[in-house]
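**Student:** Please see the structure below; I have some questions.
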Amino acid sequence: MERTLHMQLYRAFHAQRSYLRPHLTELGLGPGQPKFLGYLLRNGPCTQKDLAAYFEVDPAAVSRMLDALERGGFLTRQAREKDRRAGQVQLTAKGEAAYLAWQEGCRQMEQVMLQGFTQQEREQFSDYLARAYQNIRTQRERG
């Protein structure tokens, strides 16, 4: 097995996604959708533009994701006549319940993933990932 950091991150991400996929399907959600529900739960109503900026995702992709979540009853949108992206996006009770159930599934996956890690190792691992992300983000911003 290739032991480069890149491949280890990829394999861990892929294993995590495979572990959580059945739970995602059970909740009626698609890949990438829970993060939008979580943002709305934490921050309240916002615009599509806010979501695109926060998640560093193309606004058109956000629009498609929101369309699917709205059809599923997980959120509502009140669009402005001239610009749908400027309208408010709001979580529904169904969306909140789905996100909380998703979080429980993630918590269980983390217990499995971090089995045998001490609390200090868990905190260090989290810190390392946050720092690695920030390094890449800072470099991208520099151009």
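**Student:** At R0 = 22 Å, how high is the FRET efficiency between residue 46 and residue 70 if r is their beta carbon distance? Nearest 0.05 is fine. Don't skip to the end; give the middle numbers.
**Tutor:** Numbers: r = 14 Å, r/R0 = 0.65.
It comes out at approximately 0.95.
**Student:** Related question: Whole-Hz ³J(HN,Hα) for each residue in the range 109-120, computed from phi via Karplus 6.51 cos²θ - 1.76 cosθ + 1.60 with θ = phi - 60°, x for glycine and proline: what do you get?
**Tutor:** Running phi through 6.51 cos²θ - 1.76 cosθ + 1.60 with θ = phi - 60° gives 5, 5, 4, 5, 4, 9, 4, x, 8, 6, 4, 5 Hz.
**Student:** Please find, in a Gaussian network model of the chain (springs between Cα atoms separated by less than 10 Å), the residue of 36, 74, 13 whose mean-square fluctuation is greatest.
**Tutor:** Maximum among the listed residues: 13.
**Student:** Under a GNM of the chain (C-alpha, springs under 10 Å), which listed residue has the highest mean-square fluctuation: 128, 39, 99?
**Tutor:** Of 128, 39, 99, the Gaussian network model singles out 128 as fluctuating most.
**Student:** If you wrap a convex hull around the Cα atoms of the chain, how much volume per residue is inside, in Å³?
**Tutor:** Working: hull volume 20.4 nm³, N = 143.
Per residue, the Cα convex hull of the chain comes to 143 Å³.
**Student:** Using the Kirkwood radius built from alpha carbon pairs, what does the Stokes-Einstein equation give as D for the range 66-143 at 10 °C and 1.306 mPa s, in µm² per second? Before the final figure, lay out each step's value.
**Tutor:** Details: Rh = 16.2 Å.
It diffuses with D of about 98 µm²/s by this estimate.
**Student:** For the chain, modelled as a GNM with alpha-carbon contacts under 10 angstrom, which of 111, 90, 124 fluctuates the most?
**Tutor:** The residue that fluctuates most here is 124.
Every read-out reported here was derived from the displayed coordinates using simple, explicitly stated rules and does not represent laboratory data. Here the structure is a predicted model, which is why all the values come from computation and not from measurement. Counting neighbours? That spans all protein chains shown, and the Cβs are built from the backbone with ideal geometry, glycine included.
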